[in-house]
Structures are given as C-alpha cells and as structure tokens.
1. Among Ser71, Ser20, Ser60, Ser86, which is assigned to a loop (DSSP other than H, G, I, E, B) and under 23 Å from Asn178 (Cβ atoms)?
2. Pairs under 7 Å by beta carbon, first residue surrounded by 15 or more Cβ atoms within 10 Å (Cβ to Cβ) in region 247-262, partner part of a loop (DSSP other than H, G, I, E, B), six or more apart or different chains?
3. For region 121-151: of the residues being farther than 22 Å from Glu27 by Cβ and in contact with a Cys (Cβ under 9 Å, 6 or more places away or on another chain), which is surrounded by the most Cβ atoms within 10 Å (Cβ to Cβ)?
4. When region 206-246 is examined, which residues are found to be surrounded by fewer than 19 Cβ atoms within 10 Å (Cβ to Cβ), of a type in the set (Gly, Ala, Ser) and under 16 Å from Cys146 (Cβ atoms)?
5. State all residues of region 55-79 that are crowded, with 17+ Cβ neighbours inside 10 Å and either small (Gly, Ala, Ser) or over 29 Å from Asn171 (Cβ atoms) (or both); if no residue qualifies, say none.
6. For region 63-100, which positions are out of contact with any Lys or Arg (no Cβ under 9 Å at 6 or more places or on another chain) and of a type in the set (A, V, I, L, M)?
7. What single numbered condition from (1) more than 19 Å from Lys15 (Cβ to Cβ); (2) outside the structural domain of Phe230 (by the TED database) fails to hold for Asn78?
8. Quick check on Asn52: is it surrounded by fewer than 16 Cβ atoms within 10 Å (Cβ to Cβ), among the polar types (S, T, N, Q) and part of a loop (DSSP other than H, G, I, E, B)?
Amino acid sequence: MFLLEFFHTHFYNIKYIDVSDTEKLKEIFFSNKPYLVYCKNDKQENIHSVINSNISNFPSILNIAIINCKSKLPSNQNVYERFKLSERTQAFIICYGRKPKPITLDLLNSKKKFITFVRDALVFSVPFFSKFPQFQTKCLNKNKKCVLFISRNHMTNRSNKYNYINDIFVNNKYFDINPMIIDHKKFLLKLNDEIFTSYNKNRDIHVFCLFNHTEGQTSEYYGYFYKENFDDFKKLSSFVSGCIKADNKSSEVIKLSSVPQIKYRTSKKKNNKR
C-alpha cells in the first residue's frame, strides 16, 4: 500500500488527502478546479483498477484526490453528508462550481463508459445568467470572484462570440474564477457611478471583473472594466488572469460604495392609439 501511494504521489501527482487539511479540502471542493475524488474508506481497500490503468487517458486538466469519505470533516459532517451523496458512491467528479457527479460501480467496471463519463463531466461551458441567486452565489458571497460578460446582442451557446469567450477559459485553464454572460437587453447590472470612469458605452460586449473582499464580518466589493479590444484574445486572456490575481490593493480595482445588483429591465409598453 505504501509503495502504491508513493508511486501515485510522485509519478502521477495523485493527492492523498487528510480530512483535517482544511486548505486542501477547500481547493478540492470549492476552488472550481476539476477533481476526481476517489473514496478510499478503508486503509486496506484497493483502489479500483480502472483508476490505476487509465491515469494516462485522463484529460490533463483533471486532478485526482484520494480521501476517506466516511471520516468527519471540520464541519462535523463526512463527505457523503456534506454533498448529499449515497454512501455507496465510490468516486465522483467535482468541477467548475457544480454539484458533484457520482461515479457508479457500473461505470468503474466499464473502462469505455468510465472514460466517456469523465470526459463528458469535464466539458466546460460559460453559463448564462438566468436566476438571481446565481449572481449571489458566484459573485457576491464571501471571497467570491467572477468575470461578467455583459452582451448588448443576443447570444446563444452556438454563437461565435460564445465559443470565443469559452475558449478564453478552456485554453488558458482559467477554472478558479466564475465567468457569467448577462443579456443586457433583459437584465441590468446596477453599479455605483464611480465604476463608470472605466466604462466605454460603444461596445457590444462589456467585460467586468467583480469580487468580494471579506475581512471579519465586513464584506467589500471591488471591480473594474476591460478597456482593450474584445477580439484581442491575448489581451482579454491577460485581463481574466489579472482578475484572478486581483485583490483589494490592486492598482486597477475600484471599491464599490454599494452592493452590485442585477435586475430585470423594465419594458416600455407603447400606448395603442385608437
């Protein structure tokens, strides 16, 4: 067992996680990075052969963590309880802020099904804003950070602009930030006036970095707009990278004096002439 753990750790970068390691737990469960979590609930238990034999077939973005899912976490729940998973779950995929996707024994017993499941689970897609709690969860909660693409033109997940935005995150592996597309014709992002010093009205798509900085019980909000050419992939990638690294002391950020909001745009009804 020790030799296998040594082999995994040093040659395949598989992480064996102690449930008392809060920083590692935060990375696995809350950083948005793609993880395959394997539940090894007994020291004498062998890891399923499909994991060992297919490590080289996994996408390069996938991290693997081995954990005892029945051990109590600092929250006094175990992994199964925390994520509402069946205790028969042998492994699961967690990524991009989504709920865990359980991997059944049937999947583990079929190499072809298992690899297909893993690849499908790792497909990344920038979400469209549709529900108000989505904005709170992804952008406004404690220490959350997001990149908002505010589009004046209707966009679908088949649009060239959508694929371009998606590629920014996939090609650069920017998975530790929450992107979101907002339809400017349907929704209004309400920000206080000082932020608009870096706002250019003559753009089809505005890109905005927004994050919550929390110290103690106090939450503060910061943000700034992308000022360069939207079609410059390198510069837009650099902006997203900068947003990921930004904090309340970064020179480009502006402190917001009120909590950002998204609201429905009020429709102007024309009076019918009789």
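1. On the way: Ser71 fails: under 23 Å from Asn178 (Cβ atoms); Ser20 fails: under 23 Å from Asn178 (Cβ atoms); Ser86 fails: under 23 Å from Asn178 (Cβ atoms).
The unique qualifying residue is Ser60.
2. Val253/Ala246; Leu256/Leu191; Leu256/Asn192; Pro260/Leu191; Ile262/Phe129
3. Leu148
4. Correct list: Ser219, Ser241, Gly242.
5. Step one: filter region 55-79 for residues crowded, with 17+ Cβ neighbours inside 10 Å, giving 58, 62-69, 73, 78-79.
If the condition is that a residue be crowded, with 17+ Cβ neighbours inside 10 Å and either small (Gly, Ala, Ser) or over 29 Å from Asn171 (Cβ atoms) (or both), then Ala65, Ile66, Ile67, Asn68, Cys69, Leu73, Asn78, Val79 are the ones that fit.
6. The answer is Leu85, Ala91.
7. (1)
8. On the way: surrounded by fewer than 16 Cβ atoms within 10 Å (Cβ to Cβ): yes; among the polar types (S, T, N, Q): yes; part of a loop (DSSP other than H, G, I, E, B): no.
Here the answer is no, as Asn52 does not meet what is asked.
The values are calculated or read from the model by the stated rules, or taken from the named source; none is laboratory data. As the structure is a computational prediction, the values presented were derived from the model and not from experiment. Please note: Cβ atoms are built from the backbone with ideal geometry, for glycine as well, and neighbour counts cover all protein chains shown.
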